[in-house]
């Protein structure tokens, strides 16, 4: 293995991301190996853990968060950050104010906005990404004792260069018949708003039906709630239940949360 290949094979996700799926990559990898000639499509790319773990030659990676996609686009270009990066409360709120000024002035697609987004993500509370109704980032300062910041992202370029990044609703994605779709939507939990419009039950149903209509291989993960399991079972998916490395709740119940892995068409021949 060349030094470049070794570096690419061990690239960690550059952001902290709630619900990140790095832990799921070893389960997905054997499935992907049988289909790696296909294009990988992720309607909810999130923290990039799956794409970096599978390293497809071709990928269409989408998210409805424009700031996330802007950061990845600049990483794709070899982002180098020259801002001062420190785990300091005063600096955090100063940078948060500047980031929101860029949003208000229409400069949210700039390299500066990408650099500030990275800093706020790494330094903010629990790696949350939350915006108020005015579209302003409002996550508070985090509680980390020490943070390792990156300032040079050029080593991500080689693996990310061929990938296409987009920011739209999943139904607008230009699918090819033989794409392999991996969908990891916001969890089916009633108390969390992941975007200004939220992602409610009607969106969960809309997504599951859209996935079921795809003729190529499909993999979906979600919290294994009874109605999610019933929905994907009714639509003809094969279901596996996995234990996720997170607590089921914050009320003292430390049992592992149950995760659904739903699959369809994994045995479909390459000629579709």
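Mind checking the angle between helix 89-104 and the chain's longest principal axis? C-alpha axes, 0 to 90 degrees, to the nearest 10.
Orientation of helix 89-104: about 70 degrees from the principal axis.
Sort 123, 151, 64 by Cβ crowding within 10 Å, fewest neighbours at the top.
151, 64, 123
For the chain, take the longest principal axis of its alpha carbons; what is the angle in degrees between that and the long axis of helix 111-123, to the nearest 10 within 0 to 90?
Helix 111-123 and the main axis of the chain meet at about 80 degrees.
Rounded to whole Å, give me the distance from the Cα center of region 227-247 to that of region 120-165.
For region 227-247 versus region 120-165, the Cα centre distance is 29 Å.
Report the residue, chosen from 125, 187, 156, that carries the largest GNM mean-square fluctuation when the chain is represented by alpha-carbon nodes joined by springs under 10 Å.
125
If you scale each eigenvalue of the Cα gyration tensor by 5 and take the root, what three semi-axes come out for region 94-248, rounded to whole angstrom and sorted largest first?
Semi-axis lengths for region 94-248 are 32, 20, 17 Å.
What number results when the radius of gyration of region 30-150, computed over Cα atoms, is divided by 2.2 N^0.38 Å?
Compactness ratio reported: 1.17.
Within 10 Å of each residue's Cβ, count the other Cβ atoms and sort 74, 201, 210 from fewest upward.
Fewest to most other Cβ atoms nearby, the residues stand as 201, 210, 74.
Angle check, please: helix 201-212 long axis (alpha carbons) against the longest principal axis of the chain (alpha carbons), in degrees 0 to 90, nearest 10.
50 degrees
At q = 0.16, 0.29 Å⁻¹, what is the log10 ratio I(q)/I(0) for region 81-151, with the Debye formula run over Cα points and no solvent?
Debye intensities relative to I(0), on a log10 scale: -0.49, -1.53.
Give me 168, 221 sorted ascending by neighbouring Cβ count inside 10 Å, so fewest comes first.
168, 221
I need two numbers for the chain: Rg to one decimal and Dmax as a whole number, Cα atoms only, in Å.
Rg, Dmax (Cα atoms, Å): 18.8, 57.
All of the numbers you see were taken from the coordinates with simple rules; none came from a lab. Bear in mind the structure is a predicted one, so any value in this text is a computation, not a measurement. Every residue, glycine as well, gets a Cβ built from its backbone with ideal geometry; the counts of neighbours run over all protein chains shown.
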